[in-house]
1. I want to confirm something. Restricting to the range 33-69 and keeping residues that are within 19 Å of the chain's Cα centre (by Cα) and without any contact (Cβ under 8 Å) to a residue 60 or more places away in the chain, which single residue is surrounded by the most Cβ atoms within 10 Å (Cβ to Cβ)?
2. Listed residues 74, 30; which is at pLDDT 95 or above, touching a strand residue (DSSP E or B) at 6+ places or on another chain (Cβ under 8 Å) and surrounded by 13 or more Cβ atoms within 10 Å (Cβ to Cβ)?
3. (1) more than 12 Å from the ligand (Cβ to nearest atom); (2) farther than 21 Å from residue 364 by Cβ; (3) modelled with pLDDT under 95; (4) buried (at least 23 other Cβ atoms within 10 Å of the Cβ): which one isn't true of residue 214, the others all being true?
4. Counting only residues that are closer than 13 Å to residue 223 by Cα and crowded, with 18+ Cβ neighbours inside 10 Å, how many does the range 174-210 have?
5. Please find, within the range 236-276, the residue that is surrounded by the fewest Cβ atoms within 10 Å (Cβ to Cβ) out of those that are more than 16 Å from the ligand (Cβ to nearest atom) and under 27 Å from residue 137 (Cβ atoms).
6. Go through (1) assigned to a loop (DSSP other than H, G, I, E, B); (2) within 15 Å of the ligand (Cβ to nearest atom) one by one and return the number of the condition residue 202 breaks.
7. What is the number of the single condition among (1) under 24 Å from the mean Cα position of the chain (by Cα); (2) under 16 Å from residue 234 (Cβ atoms); (3) in a loop (DSSP other than H, G, I, E, B) that residue 361 does not meet?
8. Determine whether residue 222 is more than 16 Å from the ligand (Cβ to nearest atom) and buried (at least 22 other Cβ atoms within 10 Å of the Cβ).
Ligand SMILES: [Fe+2]
C-alpha cells in the first residue's frame, strides 16, 4: 500500500535545516552564482539588519551561506550557535565582539575583504561602525549538517557547552597568527582574523598554474571544521582545470575573469561559464565538476574559497582523496587536467577574452603553444 502524497509525508526524507531556514523570514536565493554586493536582502526578524540565505547549486549537503547587511550605525542581535561560521566582509566597516566562555571579550575592527571566524558556540555581535554606509558580509557555515545531525534547534542555538579550546589567543583576534608550513597549496596560516585578504602575502603553488604567478595559503580559523583558502593567479594567465567535492563557496576578491565548468565527457567551453568580479559567489557542483579559472583583468585575481571540512579536520575519506589529488594529473589517477591535455579551444577562448579587455595573454608562451590570432 502506498501513500499517494508520500512526497509530502512529514515522516519521510526530512531535512531539518531546510525546514528551519524557511522560518527565518528572509529570502532563500537558489542560484548557480550570485553577486553578493547587489543581491536583494530583507529584514531579518531573528538577527536584525537585513539578510538572505544563498543556496548555490554547488553548495553540497553540509554548508550554507547567509548574506547579511547591517544598516549604518546599527548592530545585529547577539547570538551563539553550535556550528562553525566564517565571515567574509564584502563592503563597509564595522566591528565584531566575541565573548569567550571565561567571559573575556575580544573585539576587532573589520573592513572590505576582511575574513574572520566565529569560535564555536561563543557569544558574538556584529556592529556597523559607519554613520553613513551600510556594511555587508557573507557568512559561510556548516549549519546544515549540524542541524540535520541533531535536528533540535534549541540544542544548536541555546547550548551551554563552553568550547574553551576553540576561542584562540587574543592576538589571533588582532590579525596575528602562526604560519604552519606543510607543502605548496597546503601551507596554513592559523589565526581568527585576517584584516585584508588583498594584501596578505601568499606562497607559490606552481602545480596549479603557469608563469610562477599561482599562489595560495590556507587559513585555519578558530580551529574550525570550516576550511578557507585564498588563491591568486597573475595577469594574462589561467589556472589548470581540476575537480573536487561540491561545497566550495568561491568569492572573487580581486580582479575579474571567468570560470568554465563541465562534467567529464561534456564540452569544456560550451557547457557552463560564470563571469566573476569582486562580490561574485559561486560553487562548482558535485559530479565532481571540472572547473577552470581565467584572469582577464590587468591585475592579479584572487579568490577566497570557504568549504566544510578541510586540511586540518577532514570529514570524509573520499573528500580527502579528492583533496590530495586535486593538483595531480588525471592521467596519473589525479583530478587535474594539465595544460598539454586540455582542449585547444580553451586557449583560443582565453586569448579572445583577453583581447576584449586589452590584456596580453601570456599563456601561449608559458605552455609552449602557438598563439591564437585574434582579429
Ligand atoms: Fe577548485
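The values are calculated or read from the model by the stated rules, or taken from the named source; none is laboratory data. Just so we're clear, the structure is a prediction, and the values are computed from it rather than from any experiment. Here Cβ is always computed from backbone atoms with ideal geometry, including for glycine, and neighbour counts include all displayed protein chains.
1. Filtering the range 33-69 for residues within 19 Å of the chain's Cα centre (by Cα) gives 33-39, 51-69.
Subset that is without any contact (Cβ under 8 Å) to a residue 60 or more places away in the chain: 39, 51-53, 55.
Working: 39: 19, 51: 24, 52: 22, 53: 19, 55: 17.
Here the answer is 51.
2. 74
3. All conditions pass for residue 214, except number (2).
4. So the answer is 7.
5. Checking each candidate, the answer is 275.
6. So residue 202 meets the others, but not (2).
7. (1)
8. Values: more than 16 Å from the ligand (Cβ to nearest atom): yes; buried (at least 22 other Cβ atoms within 10 Å of the Cβ): yes.
Yes.
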